[in-house]
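In what follows, a structure is listed as structure tokens, so that the remarks can point back to it.
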Amino acid sequence: FGTLRRSWKSFDEKKLGYLGKDQFLALCHEIAYTGDAGKLFKMLRPAKERQVLYLEDLGPQGVAEVRRARTQNPKNPPRNHSKPGSHTRAPPANTAQEQSQ
């Protein structure tokens, strides 16, 4: 993919700005990730109540990529993830499958 941002863009095909657990697990399988993708998803979430991942959840490089993208497209306001549920775009409601996991 070349960069974290390019790989994220290819994963976030619907351009929602986040990945749900099912989508994340499918993508890990697609790229032949050999570790426990479910455990990785849980480790990357900053708040266990949150059911989605954002690019900036992927560490300092993810944060830098988000900042760079926002300076290139000022129409995207910054999100505040300091409190669970404080994102500006609501993720989809949990599916029955996600709730059982």
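The values are calculated or read from the model by the stated rules, or taken from the named source; none is laboratory data. Quick caveat: nothing in here was measured; it's all calculated off a predicted structure. Accessible surface is based on the protein model in full, side chains and every heavy atom, while ligands, DNA and RNA are left aside. Shrake-Rupley method; radii C 1.70, N 1.55, O 1.52, S 1.80 Å.
What's the carbon and sulfur percent of the range 1-67's accessible surface, probe 1.4 angstrom, rounded to a whole number?
Ligands and nucleic acids excluded, carbon and sulfur give 56 percent.
Rolling a 1.4 angstrom probe over the protein heavy atoms, how many square angstrom per residue are accessible across the range 1-76?
65
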